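Structure record follows, encoded as structure tokens.
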Amino acid sequence: MAESPRPKRKREEEEEAAGAEPHDGAAVPAFPLAELRLRRVLRESAREKAVFLHGEVPGEAVSPSGEGANAVVILEKTPFQEEKILDLLKKHTKLELQMRNDIYSTYHLYPPPELSEIKTTVVYPATEKHLQKYLRQEVHLIRETWEDYKSITLPFIQSQSFSIQWVYNILEKKAEADRIVHENPDPCDGFVLVPDLKWNQNQLDDLYLIALIHRREVKSLRDLTAEHLPLLRNVLQEGKEAIRKRFGVPASQLRIYLHYQPSYYHLHVHFTALGYDAPGSSVERAHLLADVIDNLAMDSTYYQKRALTFPLRADELLFKKFQEAGRV
Ligand code: GTA
């Protein structure tokens, strides 16, 4: 638990703005959550205290393929905020004894509405790929050589990847402009640092920011060479400094890494609290930025030479491409 990183009023202003400012800057009504038809539970996790839902928005024009009316809704219980715990103890609406045994007892505590927030993330309209992404599935590890990258992965990325319009909206200040924590405006070696979609900014325990580079042609780790070292060093140094200044978290408590494979092929760097077990921070997917910099400084073509390992879900098209090529 940690202190709220920002004053409450500021948060409220941002929340109001978030409700009124969609990706193109025009005002839209809130997502009609109460009318959502639940199609299925894609995944639920007791550990993450989150559930991933596939819903259908009634009354929306449905394309022949059924796309357009689909939504993914992620409901997630939020971490405790230290400054609100006293309120939780004092202002609960009901306290029900569940069991008592000697010195041990458990209760159902029902907090007042203002202390029972559920973080709700909506992807709407959601594509089939979004539905697949959140569906619980068997996962396999792939070992991709540079030749595999060129003959299997790159053609797949060019034909299939997720839209990165949301990235361009941030870089062009069409969305989330009021959330920018730091910007280096240099078109070649600059970037924008913003809170990640997954972080509600109420507490530092699950701190999560992303740095999006201004350059548009760098898709992933595989494109990096020594030419990108000034950019990567800027992201590392300035990102650390901006987070220390804004949130008071020292660099020694940050995990700063890139994903391979990413979901979005516009180079970005994840900054998460070291104590937070963020989705995608495990060894099969995360590459520490400091190590990436060292590798490139030793060998400019390091990431065009070495094999890279990553997990793929069994029904992902990229997995099928590796299977067809006899590489799984
Ligand atoms: N600020 O509009 C955005 C935005 N979008 C669309 C994505 N991101 C955004 N940030 C802002 N505004 O950290 C963030 C994502 C992610 C990063 C992209 O950009 O939150 P990536 O390209 O490496 O893709 O990173 P990644 O990691 O696969 O994406 P993502 O969405 O984090 O999914 C990884 C897994 O985490 C999912 O399969 C799921 O199991 C889990 N997960 C995803 N979203 C949530 C969530 N909201 N709550 C809990 N778990 C989640």
Can residue 215 be described as touching a Phe, Trp or Tyr at 6+ places or on another chain (Cβ under 8 Å) and more than 29 Å from residue 79 (Cα to Cα)? no
The condition from (1) farther than 23 Å from residue 151 by Cα; (2) within 15 Å of the ligand (Cβ to nearest atom) that residue 298 misses is numbered (2)
Positions within segment 298-328 being touching a residue at least 60 places away in the same chain (Cβ under 8 Å), open to solvent by 60 Å² or more (accessible area, probe 1.4 Å) and not in a loop (DSSP other than H, G, I, E, B), in sequence order: 317, 321
Pairs please, first residue from segment 272-297 and under 23 Å from residue 234 (Cα atoms) and open to solvent by less than 20 Å² (accessible area, probe 1.4 Å), second anywhere and within 15 Å of the ligand (Cβ to nearest atom) and assigned to a helix (DSSP H, G or I), Cβ atoms under 8 Å, 6+ apart in sequence or on different chains. 289/235; 292/221
In segment 230-253, anything surrounded by fewer than 22 Cβ atoms within 10 Å (Cβ to Cβ) and under 14 Å from residue 288 (Cα atoms) is listed as 233, 236, 237, 240, 251, 252, 253
Lone qualifier among 89, 109, 171, 131 - being out of contact with any Lys or Arg (no Cβ under 7 Å at 6 or more places or on another chain) and closer than 30 Å to residue 304 by Cα: 171
Restricted to segment 182-201 and to residues being open to solvent by less than 50 Å² (accessible area, probe 1.4 Å) and in contact with a Lys or Arg (Cβ under 7 Å, 6 or more places away or on another chain), the residue farthest from residue 238 (Cα to Cα) is 200
Report yes if residue 176 is within 11 Å of the ligand (Cβ to nearest atom) and closer than 28 Å to residue 251 by Cα, otherwise no. yes
Among the candidates 137, 132, which residue alone is within 16 Å of the ligand (Cβ to nearest atom), in a loop (DSSP other than H, G, I, E, B) and either surrounded by fewer than 18 Cβ atoms within 10 Å (Cβ to Cβ) or aromatic (Phe, Trp, Tyr) (or both)? 137
Would a scan of segment 148-171 turn up a residue that is farther than 30 Å from residue 89 by Cα, touching a helix residue (DSSP H, G or I) at 6+ places or on another chain (Cβ under 8 Å), within 9 Å of the ligand (Cβ to nearest atom) and outside the structural domain of residue 282 (by TED's automatic domain parsing)? no
Out of all the residues in segment 105-128, is one or more touching a Pro at 6+ places or on another chain (Cβ under 8 Å) and within 11 Å of the ligand (Cβ to nearest atom)? no
For segment 45-54, the count of residues that are open to solvent by 70 Å² or more (accessible area, probe 1.4 Å) and in contact (Cβ under 8 Å) with a residue 12 or more places away in the chain equals 1
Does any residue in segment 69-93 that is assigned to a loop (DSSP other than H, G, I, E, B) come within less than 7 Å, Cβ to Cβ, of a residue that is of a type in the set (Asp, Glu) six or more places away or on a different chain, and which pairs are these? 69/56; 69/60; 78/117; 79/205; 79/206
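The values are calculated or read from the model by the stated rules, or taken from the named source; none is laboratory data. None of these values were measured; they are calculated from a predicted model. Cβ coordinates were reconstructed from backbone atoms using ideal geometry, including for glycine residues, and neighbour counts include every protein chain displayed. Ligands, DNA and RNA are stripped out before the accessible areas are found, and what is left, the full protein with its side chains, is counted by its heavy atoms. Shrake-Rupley method; radii C 1.70, N 1.55, O 1.52, S 1.80 Å.
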